[in-house]
1. Taking region A:238-271 as the search range and keeping residues that are on the phi > 0 side of the Ramachandran plot and within 32 Å of the chain's Cα centre (by Cα), which one is nearest to the other protein chains (Cβ to nearest Cβ)?
2. Considering region B:267-298 alone, what residues qualify as being within 20 Å of B:HIS230 (Cβ to Cβ), open to solvent by less than 10 Å² (accessible area, probe 1.4 Å) and more than 10 Å from chain A (Cβ to nearest Cβ)?
3. What are the pairs with Cβ atoms under 6 angstrom where one residue, in region A:446-457, is touching a residue at least 12 places away in the same chain (Cβ under 8 Å) and the other, located anywhere, is open to solvent by 10 Å² or more (accessible area, probe 1.4 Å) and among the aromatic types (Phe, Trp, Tyr)? Sequence gap at least six, or different chains.
4. Has region B:423-432 got any residue that is over 21 Å from B:ARG58 (Cα atoms) and among the aliphatic types (A, V, I, L, M)?
5. Grab the strands (runs of 3 or more DSSP E) fully contained in region A:311-377, keeping just those with 2 or more residues being of a type in the set (S, T, N, Q).
6. Among the numbered criteria (1) open to solvent by 30 Å² or more (accessible area, probe 1.4 Å); (2) out of contact with any Gly (no Cβ under 9 Å at 6 or more places or on another chain), which one does B:LEU264 miss?
7. What residue, of A:GLN360, A:GLN347, is touching a helix residue (DSSP H, G or I) at 6+ places or on another chain (Cβ under 6 Å) and not aromatic (Phe, Trp, Tyr)?
Amino acid sequence: MVESSEVRVVRCGGSRINVAAPVISVDSRFLLCASGDLVKVFSTSTEEWVHVLQGHTNVVTGITLNPANQLQVYSSSADGTVRLWDFTDGILIKVQNAFQNAYPGLFTHHCPHFPPECLQLVAAHVPKTLEQEVEVRELSSVLPNISPNPRAVGFGREVRGWICLDTSCTFHLLFKLIYKSTKKGAKNTFTCVSCHPKDDCVATGHEDGKIRLWRNFNQKKEYTYTTLHWHHSVVNTLCFTPEGTTLLSGGIESVLVQWQYDRNSKYILPRLGGSITHISVSADGSLFTTSHSDNKITVIQSNLKVSAVIQGLVKGEAVHTDLVIDPRSKALVLNGKPGHLQFYSLQRDKQLYNLDIVQQEYIYQEGLDQYEVVKAAFDAHGSCLATVEERGKKLSDTEITLKFWDYNETAQSFVLNTTVMTPHDNRITSMCFFPTAETTMVVTTARDGCFKAWLLGQESDTEKQGTDGPSWSCDFVGRYHDLQPTNCCFSADGSLLAVSFQEVITIWNPETWELLTTLCQPPGNIKDLCFGRLSCSRYLLATTTKNMLCCWNLLTCSLEWSTSIAVTLLKADPLSENMAVFTLQKEQTDLFVFKPCEPRPLFTQNALCVGEVQRAIFVPREEPLDNCDESSLWLNRSQLYCLTENMVRFTARKHAVIDDSVAVTPFYLLLGKHRQREQEMCGLPVTEQQGRAQLPQGSVAVRELLHTAAHVLPPASFLCNMFVKSLLISQTGSEKEEEESEEEMDSCDAQQDRRVQGLGVETVPLISKAQERELKKVRRTDYSWLSCLSDS
Amino acid sequence: MGEFTVHRVRFFHYMPSGICAMAFNRRTERLAVARTDGSVELYSRTDHFFQEKVVPGRQQRSIQALCWVGKRLFGAGLSGEIAEFDLDNLRLKFSQDAYGGPIWSIVCNPQGTHLAAGCEDGTVKLFEILEDQIRFERNMGGQKGRIISLAWHSSGTKIAAGMIDMIKVFDLDSGNAVQRLLVERGSRMQQSQECVVWSVLFLSDIIVSGDSAGKVKMWDVNTGTLIKNHQVTEWDVLTLSVSQDETSLFAGTSEGTVVQFQLLDVVLGQEEKEWVRTRTFKNHTHDVIALAEADTVIISGGMDTQLVVRPLLDKLDFKSRDSSLLKILFPQRSLVSCAKKAGLLLFQYPTHLELWLKTCPSVHLMCLFPVRLGLQGEDHVCCSAVAPCGEWIAYSTTSGIRLYRLQRDNKNVSITKVPKLPKVLRHAHQLCFSPDSSHLYGTTSSAVHVVALTSAGCKFEHSLKPNSCVDSDGKFLASANSNSEIHIYNMHKLKAHCTVPVYRSGVSAMGIHPETNNLVIVHADHQIFEFSIEQMQYTDWSRRVQKEGLHHVWLERDTPVINVTFNPQNPNHVILHDSYMFCIIDQSLPLPDRKSQFHNQLTLKSLPEAERLKHSHAFKECKLYQPLLCVDMLENQSLVVVERPLLDITTNLPAPVRQKKFAT
């Protein structure tokens, strides 16, 4: 058990689903979209996630249906491969290792991919072989120097010509003509292109919001165009319906515009909630999907009625609010849509709901100064929420509002309790709740040089105000030498409040508001502040801008230890003594986990990811593990999630989780082992998250049966017997099961051999006890490893 | 460069009138434009739309349609008469009543033998075109309902007539209506409202109609069925025009837009073609009433009084002066005359003259008060002039010339009409006084007439042939005609002196230098010539200009030079002006070479004094005053600048059709 446990980083979700245009299956039942390294298959009717196609080792950049077989889908990835999948079963059919260091992104009808290698459009001929992995060598360059935007390439009727826009605003009709946007000064740069499926007509979108329909481009100069104009700023995407009767366009206005192709009329679908980045249409034209900048896919029927919304993790330009866990729903809470807080389920990788904080109509326009939620904090039970929103870039016109929300049981949502306009004269730098439930108190620190404590009013006050219940009011304003406070933190029992003023940490008594002591370790301002928990609660940790990590002993008021380390983030586990520290060195982030009382780190992970970890949080587990491995002990009670931004090639964010692979049940251990092997073979990332969430206590065999692909299963006649047996209530106790599984673990490899034998055996009329036991094992095993064996 | 006292005059309330009809003659490349005041202007397409001739208007004359038959121009209007214009003498040749009430449309057949007029009483009247007149031939139709628009099929056997709620196709052999195509308003509007077919076109196999429901409809000729319906606007489609090869179609709407339709292949390389709406041009603020298509340009005009020449860029190969948009808003002749010595300004309005007198003796300030001269008769003023001494005012209409004498003593001004003008001088295209105010010169199409003015009266002196665009100093008189021939007369000997070699472009302005007797000629294509009258040859400066060539910025200007004057203080200075700038040419400075900066006044300012001279060149432009109607030098080194702000013109126009800009 101990040997098998290993701590790994798993990308667990939250990736963007709006990177590439989604694909609707021919029967309009499934929606396929690229999401990080995966291709996710959603149901168009229920919005639910059906399954994933995993195998790519880097971000998927484009997907398209196989024109030869509409039940298969090609996907291209930044790892340089193009893969062919059967998406109904989720099986990988073929891998084409075509492009070393290439960036495949696009597809055509017959030639499957046109990767813009160094922004170059390339036609690749795929050799017809039966092998799963194919090396494509025949590449012919079509056009150098094209735009990296996938919407800038379109394919015309019968692949007679395809259109793309290159970086120098030129409009190429390949093999035919080149148009340039000629007018100087006018903002008529091409942004996207689409070809009419039947007529020789090309639609282009422009930066000034116009759409031009180009015709007659076989003549040298007498080409002509029609202008359609509704969008007031950039047209992001264009798409013709398969019949060519309508043209769909979308832009920053979050309005889908449906243009009638041969008439000058249009229909619009407004208020879709985010600027439209992609539009795709199903093969029969009955369903449209629009991808939005707020990581959302909307499924729209052809009569312009929204039928489904698939919402991913919304991530704006920055996560101003730190990652917060809602204690009630255990959901991750962070900035969502502009002016909203989103509640995001980590287990299901799905947004639960949005809480409108600003409560103002959002106007989609560039350059407008919008309200943004910058801080959010929950109290210990999740019954109170405090949020800070602000607007205004300059200090003079900054508007800050502090809002307190109460959880309403009947409405199952947060209800606004108190609004404080301008709680501070300058930006609020930090906010924290009193850690215990006895007192409801919030402390805010701001750049105006003071920190304030806010208290929920007493019941007696409420009578004056009527029936509204108690409201919040300011209780105390603290200052220290006109210095700017940066951070505040309560000790675990709430007896101490630490507020850092630039270089100085002040310790206050929240009962009497008496300044107890000051701690200082120059040089460098305090960046992060954190009290130790449980057995280490006597320690106070702080990081400074001069790359110091300091630990004070509060009993002696002296520096216990300090170390020079470039800390970007310091996080404490609320349920244990452990602290996590992220450091950035040579563009790579390292992770250290330690206890404040021990100088030796519990766990070290070098090169956690490329780039900086922006936010991180310990998320308490629903059921604590009892794991005794020293290096993964710290993960027993909670998991560490972190949010990174990979700026190297994508603006996409990946959401990674550090997780242990130790399973709850012994069976799961076995499963985990096989999964690991799978990883080695196919390079697949693991999705225990999904598996564990669905893990039922009962019939494992049933689940395994249903989950394993049909073509790798033993014959049905062979399985039927076991299947029926598995449904019967077993007479042996659970202890026996335990024993068995322990045995299994000891002789894991041997069992595998045996299992292979077992599969080879023909149906036996009389099953001996030993055989029966063997079969039992067989039905409990995961057969997916077999598929890998047979594939390789 | 010199400093001037500038009198900035903004009280000339010139108001152009709206364009109501247009006809383009492909053979002579002339465009005829009719305005709401009844005047007809002729523009030459080969000369970059230079306004060659103006037939002055007349009260109560409205022209609804113009039609070229060969080189003859016919017009018809709501007065019910068909008139032919005499383009040599710039007046009506004859007019004939059609006896069918107001005429909405006239059209001539492709062979050029017949005219058809659509009348209020619902008949199409056919006229045969004879040498000097037209003769009524027969009536077609005759049911109730006016005929708004007409189109003749290229075979000459069928006429389509746009009426209210329907289009009728007449067969010329039988004279009967062959087809009735019902044009209805869409369901969106009230069905009860009538739908006027404002314009109809007869192509070889389809009829195209534009109606008041804002639709352009294509009808099959043989079956009379609707093929295609384009909703172009919410308002009216007022006019249609088709290119000669019938692949491109334009529609003008009341929103001020011109919409292009093109006959395009649905799939490249296949037979099937379709009329597709392509481009939309919006250059007008008001209704586009008239459209004309001239191969590579589309010309539109309407209620906002400007003539817009829009090049079709897909038909042009390279960038040139022709590939830029041209807007003609101001007349390309001077409507202001200035008495240099007396400091008087005479403004010419269509129906009256306005004389502004200097009352204040101060040099720098020109306090003026107006004297208004009303007109007798219905004809509009075609030209006017004031003598340099300020004593004489003359104006001409198509029916006669009138001369007034102005007498001033202190504040009292009396104007007396001079009687007994010589009979020869019945009508003049141009009027001009000699610099010493002793003679009046009037030009007709054939001769220059000289009238001697004395305090007692006037006396006819001589007739010199031939004529137009006159300028004179004391000794010499130069006249240019519409064929851009320039004749120079010696006024002392009263006989022809010489002629200037003919240049291909029309003369837009000229002037004789008072000291050197050099004639400066500016053509419509902005070429400048200087001709020494005494030596009867081009001067050295002019040869240098021709040899080195003018700067391309100068040649690409789109409005022609209207006036040439000279600086009395500095004989090297020639002052030219067009509608958007005035320019002083210093003949002593070198000409700008092709690569140098043309507008270099600002850069010169930044240079040190010594280097300035090295970089300066002959052309000094001033764009401070815009748009200009007149720039003239007074004797005391002051400059009179007559401006007409565009805003004043647009505010006087009727309100345009209201449009919703952003809507969901």
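The values are calculated or read from the model by the stated rules, or taken from the named source; none is laboratory data. Note that the coordinates shown come from a computational prediction; the quantities given were computed from them, not determined experimentally. FYI the Cβ positions are ideal-geometry reconstructions off the backbone, even for glycines, and counts take in every protein chain you see. Areas reflect the complete protein model, heavy atoms only, side chains present, ligands, DNA and RNA absent. Shrake-Rupley method; radii C 1.70, N 1.55, O 1.52, S 1.80 Å.
1. Looking only at region A:238-271, we keep the residues that are on the phi > 0 side of the Ramachandran plot, and these are A:244, A:254, A:271.
Those still in the list that are within 32 Å of the chain's Cα centre (by Cα) too: A:254, A:271.
On the way: A:SER254: 12, A:ARG271: 10 Å.
The selected residue is A:ARG271.
2. Of everything in region B:267-298, those that are within 20 Å of B:HIS230 (Cβ to Cβ), open to solvent by less than 10 Å² (accessible area, probe 1.4 Å) and more than 10 Å from chain A (Cβ to nearest Cβ) turn out to be B:HIS284, B:VAL288, B:GLU293, B:ILE298.
3. Pairs found: A:ALA453/A:PHE476; A:TRP454/A:TRP472; A:LEU456/A:TRP472.
4. If we filter region B:423-432 for residues that are over 21 Å from B:ARG58 (Cα atoms), which is where we start, we get B:423-424, B:432.
Next cut, among the aliphatic types (A, V, I, L, M) only: B:424.
Yes, region B:423-432 contains a residue that is over 21 Å from B:ARG58 (Cα atoms) and among the aliphatic types (A, V, I, L, M).
5. Answer list for region A:311-377: A:340-345, A:350-356.
6. Here B:LEU264 clears every test but (1).
7. Numbers: A:GLN360 fails: touching a helix residue (DSSP H, G or I) at 6+ places or on another chain (Cβ under 6 Å).
Going through A:GLN360, A:GLN347 in turn, just one is touching a helix residue (DSSP H, G or I) at 6+ places or on another chain (Cβ under 6 Å) and not aromatic (Phe, Trp, Tyr): A:GLN347.
Each row is one residue, and each column tells you yes or no for (1) farther than 21 Å from A:ASP482 by Cα; (2) touching a Ser or Thr at 6+ places or on another chain (Cβ under 8 Å).
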| site | (1), (2) |
| --- | --- |
| A:LEU529 | no, yes |
| A:ARG533 | yes, yes |
| A:ARG538 | yes, no |
| A:ASN553 | yes, no |
| A:SER564 | yes, no |
| A:ALA572 | yes, no |
| A:SER576 | yes, yes |
| A:LEU584 | yes, yes |
